[in-house]
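The values are calculated or read from the model by the stated rules, or taken from the named source; none is laboratory data. Values in this document were obtained by computation on a predicted structure and should not be read as measured data. Here the Cβ is made from the backbone with ideal geometry for all residues, glycine too, and neighbour counts use every protein chain on show. Note: accessible area is taken over every heavy atom of the protein model, side chains too, but ligands, DNA and RNA are not part of it. Shrake-Rupley method; radii C 1.70, N 1.55, O 1.52, S 1.80 Å.
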Amino acid sequence: MSIFVIVPAVLLLFIILTGLLQWLWNITIPLAFDGGRKIEFLVAFRLLLIGVLLSSGGMVSCNPTSAGAA
């Protein structure tokens, strides 16, 4: 593949994922810190998803051999 295809594809993916994270943040944080309300399951799941995306950069491995390797 050409560099003229890879670079725009990576930039487009970055812009899409940034927009997705921003949208998720904007719909979750006001509900999570609304005051005395309890946090519902969906809000807690969104907070967990935001934490995973921010801490691991979205690179989550589902390979069971890498988790238990000594």
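Heavy atoms of the protein only, probe of 1.4 Å, neighbouring chains included. What is the accessible area of residue 54 in Å², nearest 10?
Its heavy atoms expose roughly 110 Å² to the probe.
To the nearest 10 square angstrom, what accessible area does residue 27 show with a 1.4 Å probe?
Result for residue 27: roughly 50 Å² accessible.
At a Förster distance of 22 Å, what's the computed FRET efficiency of residue 40 paired with residue 14, Cβ-Cβ distance as r, to 0.05? Walk me through the numbers before you get to the answer.
Working: r = 31 Å, r/R0 = 1.40.
For residue 40 and residue 14, the calculated efficiency is 0.10.
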